Amino acid sequence: MELTIRYTCAGVDWREVAATLRSVGMGVYAPEQHRQAFMASYATVFVYHEAKLVGFGRAIADGVYQAAIYDCAVAIDYQGQGIGRKIVEHLLARVEGCNVILYASPGKEGFYERHGFCGMKTGMALFKKSEVMRERGFIE
(Lines give C-alpha, C1' and ligand atoms only; values in the text may rest on other atoms or scores of the structure.)
Protein backbone atom coordinates (compact mmCIF):
# COMPACT_ATOMS: atom_id res chain seq x y z
CA MET A 1 0.00 0.00 0.00
CA GLU A 2 1.43 3.34 -1.01
CA LEU A 3 0.95 6.10 1.53
CA THR A 4 1.47 9.85 1.24
CA ILE A 5 2.63 11.77 4.29
CA ARG A 6 1.91 15.48 4.53
CA TYR A 7 3.04 17.93 7.17
CA THR A 8 0.68 20.76 6.32
CA CYS A 9 -2.94 21.37 7.27
CA ALA A 10 -3.77 22.61 3.78
CA GLY A 11 -6.64 20.72 2.23
CA VAL A 12 -7.49 18.66 5.33
CA ASP A 13 -11.15 17.75 5.69
CA TRP A 14 -11.69 18.55 9.37
CA ARG A 15 -15.02 16.71 9.40
CA GLU A 16 -13.04 13.59 8.48
CA VAL A 17 -10.63 14.26 11.37
CA ALA A 18 -13.55 14.53 13.80
CA ALA A 19 -15.20 11.40 12.35
CA THR A 20 -11.97 9.39 12.67
CA LEU A 21 -11.45 10.48 16.27
CA ARG A 22 -15.06 9.58 17.07
CA SER A 23 -14.75 6.15 15.42
CA VAL A 24 -11.69 5.23 17.50
CA GLY A 25 -13.20 6.49 20.76
CA MET A 26 -11.03 9.57 21.23
CA GLY A 27 -11.99 13.12 22.21
CA VAL A 28 -14.04 14.84 19.53
CA TYR A 29 -14.72 18.52 19.06
CA ALA A 30 -16.29 20.54 16.29
CA PRO A 31 -14.33 20.30 13.03
CA GLU A 32 -13.37 23.98 13.28
CA GLN A 33 -11.90 23.40 16.73
CA HIS A 34 -9.77 20.54 15.40
CA ARG A 35 -8.59 22.84 12.61
CA GLN A 36 -7.61 25.49 15.14
CA ALA A 37 -5.77 22.96 17.34
CA PHE A 38 -3.80 21.45 14.46
CA MET A 39 -3.02 24.87 12.95
CA ALA A 40 -1.63 26.05 16.32
CA SER A 41 0.54 22.94 16.74
CA TYR A 42 4.31 22.79 16.38
CA ALA A 43 4.19 19.75 14.10
CA THR A 44 1.43 17.93 12.25
CA VAL A 45 1.38 14.68 10.28
CA PHE A 46 -1.39 13.52 7.97
CA VAL A 47 -1.28 10.14 6.24
CA TYR A 48 -3.24 9.51 3.07
CA HIS A 49 -3.92 6.35 1.09
CA GLU A 50 -4.73 7.64 -2.35
CA ALA A 51 -6.99 10.64 -1.55
CA LYS A 52 -8.34 9.22 1.73
CA LEU A 53 -7.10 10.54 5.08
CA VAL A 54 -6.22 7.40 7.05
CA GLY A 55 -4.27 8.76 10.01
CA PHE A 56 -2.91 11.87 11.67
CA GLY A 57 -1.32 13.32 14.77
CA ARG A 58 0.12 16.53 16.14
CA ALA A 59 2.72 17.78 18.59
CA ILE A 60 2.80 20.96 20.59
CA ALA A 61 6.25 22.08 21.66
CA ASP A 62 8.56 24.90 22.62
CA GLY A 63 11.06 23.58 20.08
CA VAL A 64 13.82 23.40 22.67
CA TYR A 65 13.16 20.87 25.42
CA GLN A 66 9.43 20.17 25.97
CA ALA A 67 6.80 18.65 23.69
CA ALA A 68 3.54 16.75 23.87
CA ILE A 69 1.84 14.53 21.31
CA TYR A 70 -1.92 14.67 20.83
CA ASP A 71 -4.67 13.39 18.57
CA CYS A 72 -2.78 10.42 17.07
CA ALA A 73 -5.39 8.32 15.33
CA VAL A 74 -5.60 5.79 12.52
CA ALA A 75 -8.85 4.94 10.75
CA ILE A 76 -10.13 1.58 11.95
CA ASP A 77 -9.84 -0.09 8.54
CA TYR A 78 -6.14 0.89 8.40
CA GLN A 79 -5.05 -0.07 11.91
CA GLY A 80 -2.39 -2.74 12.37
CA GLN A 81 -0.51 -1.75 9.21
CA GLY A 82 2.23 0.40 10.74
CA ILE A 83 0.55 3.75 10.06
CA GLY A 84 0.41 4.73 13.74
CA ARG A 85 4.12 3.89 14.04
CA LYS A 86 4.88 6.17 11.08
CA ILE A 87 2.87 9.02 12.60
CA VAL A 88 4.68 8.76 15.95
CA GLU A 89 8.10 8.45 14.29
CA HIS A 90 7.51 11.53 12.14
CA LEU A 91 6.29 13.56 15.11
CA LEU A 92 9.23 12.48 17.28
CA ALA A 93 11.64 13.47 14.50
CA ARG A 94 10.09 16.95 14.43
CA VAL A 95 10.59 17.42 18.20
CA GLU A 96 13.98 15.73 18.40
CA GLY A 97 15.88 16.68 21.54
CA CYS A 98 12.70 17.43 23.49
CA ASN A 99 11.19 15.55 26.40
CA VAL A 100 7.88 14.25 25.05
CA ILE A 101 4.74 13.46 27.03
CA LEU A 102 1.36 12.16 25.96
CA TYR A 103 -1.59 10.36 27.36
CA ALA A 104 -2.71 7.18 25.68
CA SER A 105 -6.22 5.87 25.46
CA PRO A 106 -6.70 3.18 28.10
CA GLY A 107 -5.54 -0.11 26.63
CA LYS A 108 -3.23 1.52 24.06
CA GLU A 109 -0.28 2.09 26.40
CA GLY A 110 1.64 -0.85 24.89
CA PHE A 111 1.73 0.86 21.50
CA TYR A 112 3.59 3.82 22.99
CA GLU A 113 5.80 1.63 25.18
CA ARG A 114 7.08 0.02 21.96
CA HIS A 115 8.23 3.52 20.96
CA GLY A 116 10.18 4.02 24.18
CA PHE A 117 7.54 5.83 26.22
CA CYS A 118 7.28 4.99 29.92
CA GLY A 119 4.47 5.40 32.42
CA MET A 120 4.80 8.50 34.58
CA LYS A 121 4.53 8.36 38.35
CA THR A 122 3.86 12.06 38.75
CA GLY A 123 1.59 12.80 35.79
CA MET A 124 -1.30 15.02 36.77
CA ALA A 125 -4.25 16.36 34.81
CA LEU A 126 -6.95 18.97 35.15
CA PHE A 127 -9.73 18.12 32.70
CA LYS A 128 -12.79 20.21 31.93
CA LYS A 129 -14.89 17.05 31.92
CA SER A 130 -13.18 15.17 34.73
CA GLU A 131 -16.10 12.79 35.37
CA VAL A 132 -16.10 11.69 31.73
CA MET A 133 -12.33 11.18 31.81
CA ARG A 134 -12.63 9.20 35.05
CA GLU A 135 -15.35 6.98 33.52
CA ARG A 136 -13.16 6.39 30.44
CA GLY A 137 -10.24 5.33 32.65
CA PHE A 138 -7.89 8.28 32.08
CA ILE A 139 -7.79 9.46 35.69
CA GLU A 140 -8.15 7.94 39.13
Checklist entry - Per 5 Å bin, what is the whole-percent P(r) computed from every C-alpha pair distance within region 27-100? => result 3, 17, 26, 23, 19, 9, 3, 0
Next on the checklist: Checking understanding here: applying a Kyte-Doolittle mean of at least -1.0 and a length along the axis of at least 20 Å (C-alpha), which whole DSSP H helices in the chain pass?
Outcome noted: none
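Compute for the chain: radius of gyration divided by Kirkwood radius, i.e. Rg/Rh, restricted to C-alpha atoms, rounded to two decimals. Don't skip to the end; give the middle numbers.
Values: Rg = 14.7 Å, Rh = 15.6 Å.
My calculation puts Rg/Rh at 0.94.
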Checklist entry - Which loop trypsin sites (Lys or Arg not before Pro) in region 18-124, with loop taken from DSSP, have no more than 16 other Cβ atoms within 10 angstrom of their Cβ? => result Lys108, Arg114, Lys121
Checklist entry - How far apart, in nm, are the 7 Å Cα→Cβ label points at Ala93 and Gln81? => result 2.0
Next on the checklist: Out of the total accessible area of the chain (probe 1.4 Å, heavy atoms of protein only), what percent is carbon and sulfur?
Outcome noted: 51
Next on the checklist: If you count only protein heavy atoms and use a 1.4 Å probe, how large is the accessible surface of Asp77, to the nearest 10 Å²?
Outcome noted: 130
Item to check | Normalised convex hull volume, region 88-140, alpha-carbon set, Å³ per residue | outcome: 104
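With the other protein chains left in place, how much accessible area per residue, in square angstrom, belongs to the chain at a 1.4 angstrom probe?
Dividing the accessible area of the chain by its residue count gives 63 Å².
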Item to check | Inter-probe distance in nm under a simple model that places probes 7 Å from Cα toward Cβ, at Ile139 and Glu113 | outcome: 2.5
Item to check | Label-point separation in nm, Lys129 to Glu16, each point 7 Å along Cα→Cβ | outcome: 2.5
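The values are calculated or read from the model by the stated rules, or taken from the named source; none is laboratory data. What you see is a predicted model; the values in this text were computed from it and never measured. Because the Cβ atoms are built from the backbone with ideal geometry, glycine has one as well, and the counts that use them run over all protein chains shown. Calculation scope for accessible area: heavy atoms of the full protein, side chains included, ligands and nucleic acids excluded. Shrake-Rupley method; radii C 1.70, N 1.55, O 1.52, S 1.80 Å.
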